[in-house]
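Report on the following structure.
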Amino acid sequence: MKGLDAVIHCAAPMIAGKADPDAALKGAIDGSLHVLQQASDAGVHKVVVTGSAASFPMNGPFSPNDWSDITLDMAKQSDNPGMDVTIICPSYIFGPVAPGFAELTPTVNFRAFSSAFFLYSLVNGHILALDAPPSSVVGCKRFAIRHPEQSDFREAIHILMKERPQVKDRLPELSSAPEWPENNGHIVDYESIEKVLLLKKDSFKSWRETVLDGLDSVLAVENSWKAKGRKLLRQ
């Protein structure tokens with residue numbers, strides 16, 4: 001890391017159904033601490049980390065010092081006053097897959113899509129955080145970020161049926177799609193997010209745009225697999 005001005009740390013093990021929870025959690029904690037230590041040793045003093053809205057109480061509040069009971073003790077175990085760290089904590093993340101995703105998955109693996117989606121504003125927030133004022137000036141920089149617009153899977157199905165009819169037969173039945181609880185994004189501190197990160201509440205792409213862009217990028221990956229002669233098995 002020598003010669004770098006900043007580090008954006010986004011990597012973490014996916015736990016649900018893919019790894020032993022204890023091992024995955026230990027890997028995530030130890031891996032993050034290792035990145036921070038290596039950055040510190042290299043003289044890098046600005047770090048942006050992808051966290052999770054799950055580290056806050058389920059229904060808020062969402063201030064920088066609010067933690068769920070599970071993570072509070074862990075959060076107190078580490079401190080490095082010489083490093084300026086910003087933590088961006090999203091909830092669910094949707095949108096197009098990362099560039100080059102098809103090349104990162106040499107075999108046909110639809111399950112990999114579950115960890116490949118990103119939200120435009122989440123990416124933008126990480127980049128803006130590189131120029132955010134230091135914690136010594138603005139205090140703890142840990143932000144819960146949720147889309148201010150109400151969204152759910154059922155609405156996504158309606159959008160795709162109407163605007164991407166070519167995939168209509170591949171969509172689940174509406175009755176099988178889970179209903180999301182009412183969006184509590186209104187209690188997220190957008191004022192502080194805009195003040196510190198300069199990430200504006202009205203800059204979020206709409207749920208419709210996110211759903212359509214996400215599907216289009218998945219279809220592009222699928223078509224690239226087909227062009228290479230890979231057999232697609234849909235379940």
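Couple of notes before you dig in:
- Under Karplus coefficients 6.51, -1.76 and 1.60, residue-wise ³J(HN,Hα) of the range 30-45 in Hz, glycine/proline x: 5, x, 5, 5, 5, 4, 5, 5, 5, 5, 5, 4, 8, x, 8, 10
- For Ile145, the residues 5 or more places off, or on other chains, whose built amide H falls under 5 Å of its own are Cys89, Ser91.
- Net charge contributed by nearby residues that have their C-beta within less than 15 Å of Glu209 (K/R +1, D/E -1): -2
- 21 Å Cα-Cα threshold exceeded, pairs from Lys205/Lys226; Lys2/Lys200; Lys141/Lys195; Lys2/Lys26: Lys205/Lys226; Lys2/Lys200; Lys2/Lys26
No value in this document is a laboratory result; all are computed from the given coordinates. Quick caveat, the model's predicted, so the values are computed rather than measured. Glycine gets a Cβ as well: all are built from the backbone with ideal geometry, and neighbour counts include every protein chain shown.
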